[in-house]
Amino acid sequence: MKSCITISLVEEARGGPFVLWDGLEKSIAFAAELGYDAVEIFAPGPEAIDVESLRSMLDSANLKLAALGTGAGWVKHRLQLADPDAGKREQARAFVRSIIDCAGQFGAAAIIGSMQGPSGHTGDAEAARGYLCEALEDGGSHAAQYDVPLIYEPLNRYETRQCCTVQDGVGMLESLATDNVRLLCDLFHMNIEEADIAQALLQGGKWVGHIHFVDSNRRPVGLGHMQYGPIIDALRQINYQGYLCAEAFPYPDPYEAARQTMRAYRYWTGN
Ligand code: LER
Ligand code: MN
């Protein structure tokens, strides 16, 4: 299992659960100094990423790009994949494809989290799920040209009415024609929704494609009451080889949160 840390470039998301906030250059240098393997970037859109300059920053820091988030599509542009309006849905899918095209140039995946559609019980839930599935088919097959999966993140009930558990997520992915979508299991959301986090990961099996590595209260690993022993055992049992990515509040500050997560990563993985 490899280490990873989130960098946010989205001002509108201040106060959100992203660790590093000081721009790409400074954040990448700090992640490298602490020994991280990769970064996950939350960008306002593909135009915010200069591919050649990011490539040279990553190469000289010996870091990989693990993934690019699409959440700014919702947070900044109010685009969501289950919008009842067909034109808005297509705009949302185009935004996702544009992030896939950017991430794909780094061999990295795009993540669908907040763009799946919000919580709240207005409108037809079955139609909303159908629209999400159409978007995952579209994004999953688009991502295949880069030989990367599309990553889908179940969220807790206060953030979405789509999938809130791993079981629900696996069921949805199994129903798709594309085989190129994997799950992002965020331990914070799982702590709210799962009866047993380790058991859910075991059941997730081959569908588990990315982990948001965070404590029960969304602080960095070690600063809440999550029981990591069974979680790490479960990830080993399913032969999970992906990233444990710090997506947590920058508590007490971004730099200490990054250090704390790296200490915890080393302790729990033995790396
Ligand atoms: C949102 O709660 C979250 O976990 C992020 O990864 C989302 O886009
Ligand atoms: Mn997350």
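Since every read-out is calculated from the coordinates, none of them should be taken as a lab result. Please read all numbers here as calculations on a predicted model, not as lab measurements. A quick note on method: Cβ atoms are made from the backbone with ideal geometry, for glycine too, and the neighbour counts reach across all protein chains shown.
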Seminar exercise, completed: residue 65 neighbourhood, Cβ < 14 Å, K/R = +1, D/E = -1, net charge -3
Problem set entry | Dipole of segment 2-269, positive end: most advanced residue of 84, 226, 127 [Cβ charges, Cα centre] | 226
Exercise. Each residue of segment 126-132 in turn: what ³J(HN,Hα) in whole Hz from Karplus with 6.51, -1.76, 1.60 and θ = phi - 60°, glycine and Pro shown as x?
Worked result: 5, 5, 4, 5, x, 5, 4
Exercise. Do any trypsin sites (Lys or Arg not before Pro) in segment 2-70 lie in a loop, going by DSSP, with at most 13 other beta-carbon atoms within 10 Å of their beta carbon, and if so which?
Worked result: 14
Problem set entry | Lysine pair number, Cα distance threshold 23 Å (strictly under), the chain, separation 8 or more or different chains | 6
Exercise. Relative to the Cα centre, what is the charge dipole magnitude of segment 2-269, using +1 at the beta carbon of each Lys and Arg, -1 at the beta carbon of each Asp and Glu, and rounding to the nearest 20 debye?
Worked result: 440
Exercise. With labels modelled as points extended 7 Å from the Cα through the Cβ direction, what inter-label distance (nm, one decimal) is found for residue 47 paired with residue 271?
Worked result: 3.6
Seminar exercise, completed: Phi angles of segment 112-121, converted by Karplus (6.51 cos²θ - 1.76 cosθ + 1.60, θ = phi - 60°) into ³J(HN,Hα) in whole Hz with x for Gly and Pro, give 9, x, 5, 6, 6, x, x, 6, x, 10
Seminar exercise, completed: Around residue 44 (Cβ within 12 Å, Cβ-to-Cβ, excluding residue 44; K/R +1, D/E -1) the net charge comes to -2
For this session: Please give the calculated 222 nm ellipticity per residue for the chain, where each DSSP H segment of at least 4 residues contributes -39500 (n - 2.57) and the sum is spread over every residue; nearest 500 deg cm²/dmol?
Result: -13000 deg cm²/dmol
Seminar exercise, completed: Each label sits 7 Å from Cα toward the beta-carbon; between residue 86 and residue 60 the label points are separated, in nm, by 5.0
Exercise. Using a Gaussian network for the chain with springs between C-alpha atoms less than 10 Å apart, which of these wobbles most: 104, 130, 139?
Worked result: 130
Exercise. At residue 34 and residue 255, where each label point lies 7 Å from the Cα along Cα→Cβ, what is the point-to-point distance in nanometres?
Worked result: 1.2
Problem set entry | Dipole of segment 114-271, positive end: most advanced residue of 189, 144, 213 [Cβ charges, Cα centre] | 213
Seminar exercise, completed: The FRET efficiency for residue 175 and residue 236, from their Cβ-Cβ distance with R0 = 22 Å and rounded to 0.05, is 0.15
Exercise. Which residues does a label at residue 199 reach in segment 213-238, if reach means a backbone N under 19 Å from a point 7 Å past the Cα toward the Cβ?
Worked result: 226-238
Problem set entry | segment 102-145 and segment 153-200: distance between their alpha carbon centers, rounded to Å | 13
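If we count other beta carbons within 10 Å of each Cβ, what is the order of 197, 238, fewest first? Provide the component values of the computation, followed by the final result.
Numbers: 197 21, 238 15.
Ordered from fewest to most neighbouring Cβ atoms within 10 Å, 197, 238 come out as 238, 197.
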Exercise. When the Karplus curve 6.51 cos²θ - 1.76 cosθ + 1.60 is applied with θ = phi - 60°, which whole-Hz ³J(HN,Hα) does each residue of segment 68-83 get, with x for Gly and Pro?
Worked result: 10, x, 10, x, 5, x, 8, 4, 9, 10, 6, 9, 9, 6, 10, 4
Exercise. What number comes out for the charge environment of residue 237, summing +1 per Lys or Arg and -1 per Asp or Glu over other residues with Cβ under 15 Å away?
Worked result: 0
